[in-house]
Each structure stands twice: as structure tokens, then as C-alpha cells.
1. Hey, any idea what % of the range 1-69's accessible area is carbon plus sulfur with a 1.4 Å probe?
2. Averaged per residue, what accessible area in Å² does the chain show with a 1.4 Å probe, protein chains only?
3. For the range 27-59, run through the trypsin sites (Lys or Arg not before Pro) and keep only the ones in DSSP coil with at most 15 other Cβ atoms within 10 Å of their Cβ.
4. Can you give the angle from 0 to 90° between the axis of helix 52-64 and the longest principal axis of the chain, with both taken from C-alpha atoms, to the nearest 10?
5. Using only the Cα atoms of the range 1-51, what do you get for the radius of gyration and for Dmax, in Å?
6. First measure r as the distance between the Cβ atoms of THR64 and LYS16, then evaluate 1/(1 + (r/R0)^6) with R0 = 25 Å and state the FRET efficiency to the nearest 0.05.
7. Can you tally the net charge around ILE2? Count Lys and Arg as +1, Asp and Glu as -1, for every other residue whose Cβ sits under 14 Å from the Cβ of ILE2.
8. At 25 °C and a viscosity of 0.890 mPa s, what translational diffusion coefficient does Stokes-Einstein give for the range 39-81, taking Rh as the Kirkwood radius over Cα pairs? Give it in µm²/s as a whole number.
Amino acid sequence: IIFCGTGIGISITANKVKGIRAANCTSEFMAEMSRRHNNTNILALGGRIVEPELAKKIVKIWLTTPFEGGRHEKRVKQIEG
């Protein structure tokens with residue numbers, strides 16, 4: 001889990017590293033879908049954007065949501081290169 005002011009810069013930087021699939025999530029739904037459909041392995045949060053209580057909820061959902069695989073597997077393999 002990585003942080004910066006908005007989560008944007010840190011997620012862009014993290015995604016330059018081979019094998020990283022970082023998602024900048026500002027809602028519980030985004031966190032869930034980033035795991036289910038994109039199998040993200042890094043969660044980026046913006047300290048100036050996401051309030052602490054919401055951040056805790058986002059982290060919990062992101063940590064506990066499994067990757068669905070199936071039709072999403074092909075896309076994840078394309079992202080990985």
C-alpha cells in the first residue's frame with residue numbers, strides 16, 4: 001500500500017516497475033473492482049483526497065477481495081506484457 005497527496009503520482013511511478021499493477025482507489029467500489037477484474041497488487045491512496053475512515057474501508061476491501069480470473073485473466077496477462 002502506497003501513499004502520496006493524491007495517489008496519482010505514486011501509482012504512475014509504481015506502474016513503471018515490471019510486474020506491478022497499482023490502482024489509485026478513491027472508493028470502496030474501485031478497490032473491489034481493481035482486485036476482482038485487474039488483480040492489482042499495489043493499492044495507492046491519496047492522503048489529501050481520501051478521508052481516514054474511508055481509507056480504512058478501502059484497504060480492508062482491497063485486502064480481502066479475490067481476483068475472479070476467467071475472462072479477466074487475458075487482460076491481466078496483457079497488462080503484464
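1. 61 percent
2. Solvent-accessible surface per residue comes out at 63 Å².
3. The qualifying sites are ARG48.
4. Computed tilt is about 20 degrees.
5. Reported Rg and Dmax, both Å: 10.1, 30.
6. Rounded to the nearest 0.05, the efficiency is 0.35.
7. In short, +2.
8. Estimated diffusion coefficient is 202 µm²/s.
The values are calculated or read from the model by the stated rules, or taken from the named source; none is laboratory data. Just so we're clear, the structure is a prediction, and the values are computed from it rather than from any experiment. Reconstructed Cβ throughout: ideal geometry from the backbone, glycine too, with neighbour counts over all protein chains shown. Ligands, DNA and RNA are stripped out before the accessible areas are found, and what is left, the full protein with its side chains, is counted by its heavy atoms. Shrake-Rupley method; radii C 1.70, N 1.55, O 1.52, S 1.80 Å.
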